[in-house]
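Right, one structure below, let's go through it.
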Amino acid sequence: QVQLVESGGGLVQPGGSLRLSCAASGSIDIYTMGWYRQVPGKQRELVASITRGGSTNYADSVKGRFTISRGNAKNTVYLQMNSLKPEDTAVYYCHIRATQYWGQGTQVTVSS
């Protein structure tokens, strides 16, 4: 059983930055990790993922603005979000891909 806890969300103005953190209760360095987001009434979508070897993948809507990375500790994953837009507003979730493990989500609101 692995628990994932996201943090770092909040209210930010358009053009601003936030860094989301995902802390796991155990080591997650062997897993492909993903950040997802969801807005009410829409399907949860993959924003970014990082493999065990460090290969990354991004949704077209966030390429060049968001960066996924792993922390030096083996139980943390980050999502650096720059040049935020109102359409980035959503609840962001951390997920160990191909498993049932999800975090509880953290709200990101981009608004002036």
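Side notes on the structure shown:
- Rg ratio (alpha-carbon, reference 2.2 N^0.38 Å) - the range 49-112: 1.18
- Accessible-area composition of the range 1-78, carbon plus sulfur, in percent [1.4 Å probe]: 45 percent
- Compared with the direct C-alpha span, the chain from residue 29 to residue 46 gains 4.2 nm at full extension, assuming 0.36 nm per residue.
- Hydrodynamic radius (Kirkwood) for the range 31-70, which is based on Cα pairs only, to one decimal in Å: 10.7 Å
- Of 14, 40, 86, the residue with the greatest mean-square motion in the GNM of the chain, using alpha carbon springs below 10 Å, is 40.
- Its residue count N sets the reference 2.2 N^0.38 Å, and the alpha-carbon radius of gyration of the range 1-55 equals 1.32 times that reference.
- For residue 85, a cut-off of 19 angstrom between C-alpha atoms picks up these lysines, skipping any fewer than 8 places away in its own chain: 42, 63.
- The slack in the chain from residue 17 to residue 80, taken as 0.36 nm per residue of separation less the alpha-carbon distance, amounts to 21.9 nm.
- For the range 27-111, trypsin sites (Lys or Arg not before Pro) are listed when DSSP marks them as loop and at most 13 other Cβ atoms sit within 10 Å of their Cβ; the list is 42, 52, 63, 74.
The values are calculated or read from the model by the stated rules, or taken from the named source; none is laboratory data. Keep in mind that this is a model prediction, so the values were computed, not measured. Here Cβ is always computed from backbone atoms with ideal geometry, including for glycine, and neighbour counts include all displayed protein chains. All accessible areas refer to the heavy atoms of the entire protein, side chains included, with ligands and DNA or RNA removed. Shrake-Rupley method; radii C 1.70, N 1.55, O 1.52, S 1.80 Å.
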